[in-house]
Amino acid sequence: MNQKLYLLKGTFILTAAGLLSRTAGFFYKIFLSRTVGAENMGIHQLILPVYAFCAAAAFGGIQTAVSKHVSASLAKGSKKEAWNAFLSGFLLSLGGAFFCSLLLFLGSGWIASAFLGEPRCSLLLKILAFSLPFAAVHSCVSGYLIGQKKILLPAFSQLTEQLLRILVSFILYFIFIERGYVLSAAVIVLGQAAGEASSALLCFLFLLLSPREPMPGKAELRSSIRSTLSVSLPLSSSRMLLCVLQGIEAALLPLQLRQFGLTASQALAEYGTFSGMALPLILFPTAITGSLGTLLLPAVSEAKSADRSRQLNAAIEASFLGSLYLGFFCVNAFLLFGEEAGQLLFDSQTAGKYILSLSFLCPFLYTGTTLSSILHGLGKTGAVSLFHSLSFTLRLLFVIFLVPVMGIEGYLYGILFAQIFLSASSLALLYKSTGYLPDPAKALILPLSLCLCATGCMYLIRALGLVSQNTWGGFFLEISLYLFAFLLPGSSLLMLRNRSR
C-alpha cells in the first residue's frame with residue numbers, strides 16, 4: 001500500500017474511532033462531574049499514576065516493540081519472524097501483568113495510605129489490579145495488528161472498551177441511587193475494569209480465529225524475547241520513571257495547594273476540576289495525533305529498514321506539519337471559546353479559566369506526540385525516554401517551588417514550559433538524525449495567517465450579533481463557522497499551489 005494512502009486511511013479509521021470514543025468519554029466526564037463531584041474525580045486522578053506505573057512495569061513498551069519488529073520483519077518478507085515477535089511480546093506482557101496485578105492487590109492499602117495519602121484509594125487500586133492482565137492482552141494484540149497495517153480491530157476494540165466502560169458506570173450509578181448508596185469513585189473504576197475486559201476478550205477471540213505460524217523453537221523464542229526486550233526495556237524504564245514522577249506529582253499537588261491556602265477538600269476539588277474537566281478538553285484533539293503517531297512508528301520503521309529516504313522524509317513532513325496546523329487551530333479555538341465551553345459543558349467558570357490557560361499547550365503537545373513516534377521508529381528510543389523524563393522533572397520542580405506561591409497557576413506554567421522543552425529537543429534530534437527542518441513559511445506564517453483570518457471572522461460575527469451567546473445552539477454554530485473560516489482559506493491556498501505545479 002502507498003505510504004501516504006496508508007497513513008491517511010489508517011489515521012482516518014483510528015481517528016474516527018478515537019473521536020467517537022473521546023466524544024463519548026467527554027460527555028461521560030461531564031456526567032461524572034455533575035454526579036460524583038469534583039472531589040471524587042480528584043481521588044480517581046490520584047490512582048491513575050499508580051495504575052500506569054504497574055502497566056508500564058508489566059507490559060509498557062512491549063506494544064511498541066512488537067509493532068516495530070513485526071513491521072520490520074514483514075518488510076523483509078518474513079512472516080515467521082513477525083509471528084515470533086508477537087508471541088514473545090505476548091508471553092512477556094501477560095506474565096508481567098499477572099505478577100504486577102498480585103503486587104498491586106496485596107499492597108493497595110500501603111500505597112493508598114503511605115504514598116498517596118488518601119486511604120479511600122485502597123479499594124480503587126484493588127479493583128484496578130484485576131484489569132491489568134486484560135490490558136496486557138489488548139495492548140500486545142493491537143501492536144501486532146498495527147505492525148501488519150491492520151487497523152480495524154484496534155480501532156473497534158478501543159471504541160468497545162470506552163462504550164462498555166460508560167455503560168457499566170451508568171448501570172452502577174442507577175443501582176447506587178436506587179439503593180441509597182453514597183456515590184464514590186468506585187463507579188468510575190469498575191467501569192474502567194469492565195472496559196479493559198471487553199477489549200481483551202475481543203482481541204483474544206481474534207487470536208483464536210486467525211491463522212497462525214508454527215510454534216517457534218526454544219532458541220528462536222529466546223532470540224525473539226531478547227529482541228523484544230532490547231526495545232521494550234528502555235521504554236518501560238522511562239515510563240516507570242514517568243509514572244513515579246506522576247505519582248509524586250499527584251500526591252504532592254494537593255499538598256502544595258494546601259500550602260497556598262486551600263483546605264484539603266478545596267485542593268482535591270481544584271485538582272479534579274483541572275485534571276478531570278479542563279485538561280481532557282485540551283487533550284481531545286490528540287485522538288488525531290495519537291492515531292497518526294500509532295501509524296507512524298511502523299511506517300517509519302519499515303521505510304528505514306527498506307532504506308527509502310524519500311518516503312521517510314515525506315512521511316515526516318506531512319505528519320509534523322499536520323500536527324502543527326492542528327495545534328494552531330486548537331489554541332485559537334480554545335482562546336475564542338474556552339470560557340463559554342467551561343460554563344456550558346461543566347457549569348464551571350473555573351474550568352473555563354483553566355481551558356484558556358492550557359490552550360497555549362496545543363501546538364507543542366500535538367507536535368510532541370508526532371515527533372516522539374517518528375523518533376521511536378528511527379530507533380531513538382533511549383533519547384526520547386530521556387527527553388520525557390527531563391520534561392516531567394522540570395514540571396515537578398514547578399509544583400514544588402511555584403504552586404505554594406502562585407497556586408494552580410504555577411502548575412500551568414510548569415506544564416507549558418515542560419512541553420516546549422520536549423518538542424524543541426525532539427525536533428533538534430530529528431534534524432540531527434535526518435536533516436529535516438520545517439520551512440518557516442509553512443510552519444509559522446501560513447497557520448498564523450489562517451488563525452488571524454478565522455479570529456477576525458468570529459469577532460465580526462459576534463459584533464453583528466449573528467450568533468446567540470452561552471447557548472448550546474449558538475456554541476455549536478460558532479464552532480462550525482470558525483472551522484469553515486479556518487479551513488476555507490487553507491484549502492484554497494493548497495489548490496492554488498497544486499495548480500502552480
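The values are calculated or read from the model by the stated rules, or taken from the named source; none is laboratory data. Worth saying up front: this structure is predicted, and the values here are computed from it rather than measured. A quick note on method: Cβ atoms are made from the backbone with ideal geometry, for glycine too, and the neighbour counts reach across all protein chains shown. Side chains included, ligands, DNA and RNA excluded: accessible areas come from the protein's heavy atoms. Shrake-Rupley method; radii C 1.70, N 1.55, O 1.52, S 1.80 Å.
Yes or no, residue by residue, for (1) closer than 12 Å to residue 336 by Cβ; (2) surrounded by 15 or more Cβ atoms within 10 Å (Cβ to Cβ); (3) modelled with pLDDT of 80 or more:
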site: 435; (1), (2), (3): no, no, yes
site: 442; (1), (2), (3): no, no, yes
site: 446; (1), (2), (3): no, yes, yes
site: 461; (1), (2), (3): yes, yes, yes
site: 470; (1), (2), (3): no, no, no
site: 476; (1), (2), (3): no, no, yes
site: 484; (1), (2), (3): no, no, yes
site: 496; (1), (2), (3): no, no, no
site: 500; (1), (2), (3): no, no, no
>> Among the residues of the range 156-163, are any out of contact with any strand residue (DSSP E or B) (no Cβ under 7 Å at 6 or more places or on another chain), open to solvent by less than 40 Å² (accessible area, probe 1.4 Å) and of a type in the set (D, E, K, R)?
In response: yes
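Among the candidates 101, 78, single out the residue that is open to solvent by 10 Å² or more (accessible area, probe 1.4 Å) and more than 24 Å from residue 189 (Cα to Cα).
Of 101, 78, the one residue that is open to solvent by 10 Å² or more (accessible area, probe 1.4 Å) and more than 24 Å from residue 189 (Cα to Cα) is 78.
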> Is there any pair with a first residue in the range 330-344 that is within 24 Å of residue 31 (Cα to Cα) and a second that is among the basic types (Lys, Arg) and part of a helix (DSSP H, G or I) whose Cβ atoms are under 9 Å apart and which are 6 or more apart or on different chains, and what are they?
Replying inline: 338/353; 339/353; 342/353
>> Under 6 Å between Cβ atoms, which residue pairs at least 6 apart in sequence (or on different chains) link something in the range 81-94 that is open to solvent by 30 Å² or more (accessible area, probe 1.4 Å) with a partner that is of a type in the set (Ser, Thr, Tyr)?
In response: 81/73
>> Tell me whether the range 213-222 contains one or more residues that are crowded, with 16+ Cβ neighbours inside 10 Å and hydrophobic (A, V, I, L, M, F, W, C).
In response: no
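Going by what's in this entry, would residue 234 be described as touching a residue at least 40 places away in the same chain (Cβ under 8 Å), under 30 Å from residue 380 (Cα atoms) and open to solvent by 20 Å² or more (accessible area, probe 1.4 Å)?
Details: touching a residue at least 40 places away in the same chain (Cβ under 8 Å): yes; under 30 Å from residue 380 (Cα atoms): yes; open to solvent by 20 Å² or more (accessible area, probe 1.4 Å): yes.
For residue 234, the condition - touching a residue at least 40 places away in the same chain (Cβ under 8 Å), under 30 Å from residue 380 (Cα atoms) and open to solvent by 20 Å² or more (accessible area, probe 1.4 Å) - is met.
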>> So for the range 177-185 (the condition being surrounded by 19 or more Cβ atoms within 10 Å (Cβ to Cβ) and closer than 23 Å to residue 123 by Cα), does at least one residue qualify?
In response: yes
> What is the number of the single condition among (1) touching a Pro at 6+ places or on another chain (Cβ under 8 Å); (2) modelled with pLDDT under 80 that residue 224 does not meet?
Replying inline: (2)
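Residue by residue, here is whether (1) among the hydrophobic types (A, V, I, L, M, F, W, C); (2) open to solvent by 20 Å² or more (accessible area, probe 1.4 Å); (3) in contact with a Pro (Cβ under 7 Å, 6 or more places away or on another chain) holds:
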| position | (1), (2), (3) |
| --- | --- |
| 337 | yes, no, no |
| 347 | no, yes, no |
| 351 | yes, no, no |
| 358 | yes, no, no |
| 374 | yes, no, no |
| 398 | yes, yes, no |
>> Condition check: surrounded by fewer than 22 Cβ atoms within 10 Å (Cβ to Cβ), touching a residue at least 60 places away in the same chain (Cβ under 8 Å) and part of a helix (DSSP H, G or I). Does residue 227 satisfy that?
In response: yes
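Buried (at least 18 other Cβ atoms within 10 Å of the Cβ) and of a type in the set (A, V, I, L, M), is that true of residue 116?
For residue 116, the condition - buried (at least 18 other Cβ atoms within 10 Å of the Cβ) and of a type in the set (A, V, I, L, M) - is met.
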>> Consider the range 448-459. How many of its residues are surrounded by 15 or more Cβ atoms within 10 Å (Cβ to Cβ) and in contact (Cβ under 8 Å) with a residue 60 or more places away in the chain?
In response: 5
> Taking the range 73-91, which residues are touching a helix residue (DSSP H, G or I) at 6+ places or on another chain (Cβ under 6 Å) and not polar (S, T, N, Q)?
Replying inline: 74, 75, 81, 82, 85, 86, 89, 90
> Cβ-Cβ below 8 Å, separation at least six or inter-chain, first residue in the range 163-177 and of a type in the set (Ser, Thr, Tyr), second surrounded by 19 or more Cβ atoms within 10 Å (Cβ to Cβ) and assigned to a helix (DSSP H, G or I): which pairs?
Replying inline: 169/28; 169/32; 169/187; 169/188; 169/190; 169/191; 173/187
> Counting only residues that are within 15 Å of residue 414 (Cα to Cα) and open to solvent by less than 30 Å² (accessible area, probe 1.4 Å), which one in the range 238-270 is modelled with the lowest pLDDT?
Replying inline: 250
> Which condition breaks for residue 71 when tested against (1) of a type outside the set (A, V, I, L, M, F, W, C); (2) open to solvent by 40 Å² or more (accessible area, probe 1.4 Å); (3) modelled with pLDDT under 85?
Replying inline: (2)
> What is the residue count in the range 276-286 for residues that are surrounded by fewer than 20 Cβ atoms within 10 Å (Cβ to Cβ) and either in a helix (DSSP H, G or I) or not aromatic (Phe, Trp, Tyr) (or both)?
Replying inline: 3
>> Can you list residue pairs whose Cβ atoms sit under 8 Å apart, with the first residue in the range 47-75 being of a type in the set (Lys, Arg) and the second being open to solvent by 10 Å² or more (accessible area, probe 1.4 Å)? Count only pairs 6 or more apart in sequence or on different chains.
In response: 68/231; 68/297; 68/376
> How do the pairs read when you match residues in the range 133-153 that are on the phi > 0 side of the Ramachandran plot with residues anywhere that are not in a loop (DSSP other than H, G, I, E, B), using Cβ under 8 Å and keeping only pairs 6 or more apart or on different chains?
Replying inline: 149/6; 149/10; 149/71; 149/298
